[in-house]
There are 2 protein chains.
Amino acid sequence: MKKTTIHDIARELDVTFSTVARALNDHPAISAATKAAVLETAKRLNYQQNKLASSLRSGRTNVIGIIVPSLDTSFFSSVVHGIERVMNENGYSMLLFQTGESLAQEQKGIETFLQSRVDGIISSVSGEVDGKEFYEQISKRQVPLLFFDRAIHELPVPSVTIDDYRAGLVATEHLISQGYKQIVHLTSDRNLTIFKERFRGYRDALQRHNLPVEEKMIYKGKLSLEFGKESVQRLMDSEIPFDAVFAAEDYTAMGALQFLLEKGIKVPDEIGVMGFANEAFGAFVTPSLSTVDQQTIKMGEETAHLFLKLIGNKDFYGSTPEHIVLDPILIPRNSSQPL
Amino acid sequence: MKKTTIHDIARELDVTFSTVARALNDHPAISAATKAAVLETAKRLNYQQNKLASSLRSGRTNVIGIIVPSLDTSFFSSVVHGIERVMNENGYSMLLFQTGESLAQEQKGIETFLQSRVDGIISSVSGEVDGKEFYEQISKRQVPLLFFDRAIHELPVPSVTIDDYRAGLVATEHLISQGYKQIVHLTSDRNLTIFKERFRGYRDALQRHNLPVEEKMIYKGKLSLEFGKESVQRLMDSEIPFDAVFAAEDYTAMGALQFLLEKGIKVPDEIGVMGFANEAFGAFVTPSLSTVDQQTIKMGEETAHLFLKLIGNKDFYGSTPEHIVLDPILIPRNSSQPL
DNA sequence: CTGAAAGCGCTAACAT
DNA sequence: ATGTTAGCGCTTTCAG
């Protein structure tokens, strides 16, 4: 069963294929009668436009490429969910690529997208990317590029992020306002702006309230349940006094929380715990985990909307890039609020 | 800056474009010297193959389309994660489409994929699809199709699922083995095989152990935290005696669990609770939630492997479809195990 | 309102 | 080992 083309429809109706093409694209200069006939025949012959041919000729694919570290993370899958919904409503398809935080994969993804002639690329860069050269291969080709959450700030590229500095600040100030004074910070060892910003917020909050910022209170590692446990274990082993833990990610906070409870320490009365990301489990655990919400779906939607707005510009890289910064939402729960 | 094509490379090197094409595709009949020269020039001119042209001509896109209800669900995003990783390793790109459980969206996704000439479609059908006609538009076009998790069993299409019947059976038998005798089942009102199978397992487990299967113990609704709470509320209001709840999904189980705890009922001592899906929160809540793991990432990987295996066949629809059925893994935790 | 013709960038059969 | 040629199925100018 060969595939139906506009030539087949043309032959049936005894018109030329270019008339058929116009009818199918709802061209104004085609009579209603012809359009109806073409549409009917197309349906009857089970015609499906070949987008490859159409894109090759027109230079537009209506496809965008999305690069994320991993979909097996509620943060990214939720943002992608938001992006896809909006882009889809606006006639775009989405090619998806996971990097697994590897630079080689990121390179492969970009190349694939470029070769597929996507109309734009939306990326949240992996932890291994540093320097701007890497992503310049995209701007050199004049392919529209947007970052979300993890941006490369040296590059004049639009982005949608949350205010991680403010998030770190607000989270820490919340702990301080609850009476905690010796606050440990657990953060990532990856070289990512988001974590540096959260740390800056933590640091500034302490300073603002005349609390010391101490090396021994800051732990870096691979964010995870285990890292949270280990860190608290190490703190206790070295008998460093602390009365609260602010982790840059919820699983890590959860690890800390679990370890504390196992050791019979009362949370939040003796030690307060604060996470980051608003994972689903936070609301369900006991004590419920205080955290910061990143507005994931909104981030995706805003990213898509910004893309749609900018794609109209003839000169994407000529205009100064727009940066949308979403507000983090503090979600105080029981783990950080002693009576 | 016009894009470089094989013609540009050919001109530089004073060969024909077909020599360049061959060199680029590592054709055996091209001298090493020419290949090297072509590769060097390609790199220098920043050449990127145009996959649209190549696919249009060759009839293969190396793109597969994935249809899922929503990425904002840990189950689906996790499976997609597994599919993407494997397909990507094998040179495929992935177009992603979310249906939001809507038939109209599902239709749109299929059409887009067909028009994009994907090499295959992997789908987990939405709750609104019934009958096989819908998906026959794909088989009619001879485009390889695979189902995962939610399949249409009337269609001779390969699939990767878990044994939901067994899962329901094992989960219920576990409850029975723990001494529970009046087990409520909370399930979905959607017309999906997965839920019917879980129910069948529940029913058969009761019958096997000479326990009555009663209408009043079975609640159908939109699976969610709220539905879990409501159902338990209603049970208590109508004073129907029960000693365990088996929900077909973890959030629903969590709702039931929370409501019971709020009412001062001891879980698991007075009432046992069992969920389904092994959501992250289950391990963290108190009491920890017993559940059934669906091997999501493995499901994705198996789906991809099956696809890769079958795509080789010249006659996809000629051979009897292979069905891979994964074993559900019972994860007994505290919510179902009284001392 | 419709037709004719060119060409997007590549693959692949057929030559040489 | 390389060149020639003919499309893949469409969009888009230029004609009429």
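The values are calculated or read from the model by the stated rules, or taken from the named source; none is laboratory data. Just so it is clear, the structure is predicted and the values come from calculations on it, not from any experiment. Positions of Cβ are backbone-derived with ideal geometry, glycine not excepted, and every protein chain shown enters the neighbour counts.
Selection within the range B:27-50: residues that are over 21 Å from B:Asp14 (Cβ atoms) and within 12 Å of DNA strand D (Cβ to nearest atom). The member of this set that is farthest from the other protein chains (Cβ to nearest Cβ) is B:Pro28.
Residue count for the range B:13-33, restricted to those that are surrounded by 15 or more Cβ atoms within 10 Å (Cβ to Cβ) and at pLDDT below 90: 1. With respect to A:Gln258, is the statement that it is surrounded by fewer than 22 Cβ atoms within 10 Å (Cβ to Cβ) and in contact with a Leu (Cβ under 8 Å, 6 or more places away or on another chain) true? Taking the combined requirement at face value, the residue satisfies it.
A quick yes/no check of all residues on (1) farther than 30 Å from B:Pro287 by Cβ; (2) without any contact (Cβ under 8 Å) to a residue 24 or more places away in the chain; (3) in contact with an Asp or Glu (Cβ under 9 Å, 6 or more places away or on another chain):
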{"site": "A:Met274", "(1), (2), (3)": "no, no, no"}
{"site": "A:Phe281", "(1), (2), (3)": "no, no, yes"}
{"site": "A:Leu289", "(1), (2), (3)": "no, no, yes"}
{"site": "A:Ile297", "(1), (2), (3)": "yes, no, yes"}
{"site": "A:Gly300", "(1), (2), (3)": "yes, no, yes"}
{"site": "A:Lys309", "(1), (2), (3)": "yes, yes, yes"}
{"site": "A:Leu330", "(1), (2), (3)": "no, no, yes"}
{"site": "A:Ser336", "(1), (2), (3)": "no, no, no"}
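Would you mind finding the one in A:Asp250, A:Asp293, A:Asp315 that is at pLDDT below 95, of a type in the set (Asp, Glu) and under 29 Å from the mean Cα position of the chain (by Cα)? I'd like the intermediate steps shown before the answer.
Working: A:Asp250 fails: at pLDDT below 95; A:Asp293 fails: at pLDDT below 95.
Of the residues listed, the single one that is at pLDDT below 95, of a type in the set (Asp, Glu) and under 29 Å from the mean Cα position of the chain (by Cα) is A:Asp315.
Does A:Gly312 satisfy the condition of being closer than 17 Å to A:Val80 by Cα and small (Gly, Ala, Ser)? Considered against the rule, which asks whether it is closer than 17 Å to A:Val80 by Cα and small (Gly, Ala, Ser), A:Gly312 comes out as no.
One residue stands out in the range B:66-92 among those that are touching a Leu at 6+ places or on another chain (Cβ under 6 Å), in a helix (DSSP H, G or I) and not β-branched (Val, Ile, Thr): the one that is farthest from DNA strand C (Cβ to nearest atom), namely B:Ser77.
Put simply, of B:Glu249, B:Glu279 the only residue that is among the charged types (D, E, K, R) and closer than 19 Å to B:Ile183 by Cβ is B:Glu249.
Identify, from the list A:Ala205, A:Ala151, the residue that is more than 19 Å from the chain's Cα centre (by Cα) and of a type in the set (A, V, I, L, M).
Values: A:Ala151 fails: more than 19 Å from the chain's Cα centre (by Cα).
Checking each option against the conditions leaves just A:Ala205.
Within the range B:284-303, restricting attention to residues that are more than 13 Å from chain A (Cβ to nearest Cβ) and part of a helix (DSSP H, G or I), the residue that is surrounded by the most Cβ atoms within 10 Å (Cβ to Cβ) is B:Thr303.
For the range A:120-144, a residue qualifies if it is within 12 Å of chain B (Cβ to nearest Cβ) and either under 18 Å from the mean Cα position of the chain (by Cα) or at negative phi (or both), and the qualifying residues are A:Glu136, A:Gln137, A:Ile138, A:Ser139, A:Lys140, A:Arg141, A:Val143. In the range B:257-282, which residues are farther than 17 Å from A:Thr73 by Cα and within 14 Å of chain A (Cβ to nearest Cβ)? B:Leu257, B:Gln258, B:Phe259, B:Leu260, B:Leu261, B:Glu262, B:Val267, B:Val273, B:Gly275 - these are the residues of the range B:257-282 that are farther than 17 Å from A:Thr73 by Cα and within 14 Å of chain A (Cβ to nearest Cβ).
Yes/no matrix, rows are residues, columns are (1) under 18 Å from B:Thr187 (Cα atoms); (2) outside the structural domain of B:Phe75 (by the TED database):
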| residue | (1), (2) |
| --- | --- |
| B:Val245 | yes, yes |
| B:Thr252 | yes, yes |
| B:Leu261 | no, yes |
| B:Gly275 | yes, yes |
| B:Gly300 | no, no |
| B:Ala304 | no, no |
| B:Lys314 | no, no |
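Taking the conditions exactly as written (closer than 25 Å to A:Leu56 by Cβ, touching a helix residue (DSSP H, G or I) at 6+ places or on another chain (Cβ under 8 Å) and within 16 Å of DNA strand D (Cβ to nearest atom)), does B:Leu13 satisfy them or not?
Numbers: closer than 25 Å to A:Leu56 by Cβ: yes; touching a helix residue (DSSP H, G or I) at 6+ places or on another chain (Cβ under 8 Å): yes; within 16 Å of DNA strand D (Cβ to nearest atom): yes.
It is true that B:Leu13 is closer than 25 Å to A:Leu56 by Cβ, touching a helix residue (DSSP H, G or I) at 6+ places or on another chain (Cβ under 8 Å) and within 16 Å of DNA strand D (Cβ to nearest atom).
Does the range A:184-194 include one or more residues that are more than 14 Å from chain B (Cβ to nearest Cβ), among the basic types (Lys, Arg), surrounded by fewer than 23 Cβ atoms within 10 Å (Cβ to Cβ) and free of Cβ contacts under 8 Å to residues at least 24 places away in the same chain?
Step one: of the range A:184-194, the residues more than 14 Å from chain B (Cβ to nearest Cβ) are A:184-194.
Applying the additional criterion that residues be among the basic types (Lys, Arg) yields A:190.
This time we only want the ones that are surrounded by fewer than 23 Cβ atoms within 10 Å (Cβ to Cβ), so: A:190.
Subsequent filtering for residues that are free of Cβ contacts under 8 Å to residues at least 24 places away in the same chain retains none.
For the range A:184-194, residues more than 14 Å from chain B (Cβ to nearest Cβ), among the basic types (Lys, Arg), surrounded by fewer than 23 Cβ atoms within 10 Å (Cβ to Cβ) and free of Cβ contacts under 8 Å to residues at least 24 places away in the same chain: absent.
Residue-wise test of (1) within 22 Å of B:Val79 (Cα to Cα); (2) basic (Lys, Arg); (3) assigned to a loop (DSSP other than H, G, I, E, B).
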site: B:Leu95; (1), (2), (3): yes, no, no
site: B:Gly100; (1), (2), (3): yes, no, yes
site: B:Gln105; (1), (2), (3): yes, no, no
site: B:Val125; (1), (2), (3): yes, no, yes
site: B:Val129; (1), (2), (3): yes, no, yes
site: B:Ser139; (1), (2), (3): no, no, no
site: B:Leu146; (1), (2), (3): yes, no, no
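If you go through the range B:54-65 and keep only what is at the interface with chain A (Cβ under 8 Å from one of its Cβ atoms) and either within 10 Å of A:Gln115 (Cα to Cα) or not in a helix (DSSP H, G or I) (or both), you end up with B:Thr61, B:Val63. Taken over the range A:51-84, the criterion of being surrounded by 20 or more Cβ atoms within 10 Å (Cβ to Cβ), in contact (Cβ under 8 Å) with a residue 40 or more places away in the chain and within 16 Å of DNA strand D (Cβ to nearest atom) is satisfied by A:Ser55, A:Thr61, A:Val63.
For every residue, the table says whether it meets (1) over 14 Å from A:Val285 (Cβ atoms); (2) not hydroxyl-bearing (Ser, Thr, Tyr).
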| site | (1), (2) |
| --- | --- |
| A:Lys216 | yes, yes |
| A:Tyr219 | yes, no |
| A:Lys222 | yes, yes |
| A:Gly228 | no, yes |
| A:Phe242 | yes, yes |
| A:Met254 | no, yes |
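Within the range B:10-44, being of a type in the set (A, V, I, L, M) and within 11 Å of DNA strand C (Cβ to nearest atom) holds for B:Ala10, B:Val20, B:Ala21, B:Ala23, B:Leu24, B:Ala29, B:Ala42. Given the condition basic (Lys, Arg), assigned to a helix (DSSP H, G or I) and without any contact (Cβ under 8 Å) to a residue 12 or more places away in the chain, answer yes or no: does some residue in the range A:1-23 qualify? Yes, the range A:1-23 contains at least one residue that is basic (Lys, Arg), assigned to a helix (DSSP H, G or I) and without any contact (Cβ under 8 Å) to a residue 12 or more places away in the chain. Among the residues that make up the range A:85-95, is at least one of them within 15 Å of the chain's Cα centre (by Cα), buried (at least 21 other Cβ atoms within 10 Å of the Cβ) and more than 8 Å from every other protein chain (Cβ to nearest Cβ)? Yes, there is a match, as at least one residue in the range A:85-95 is within 15 Å of the chain's Cα centre (by Cα), buried (at least 21 other Cβ atoms within 10 Å of the Cβ) and more than 8 Å from every other protein chain (Cβ to nearest Cβ).
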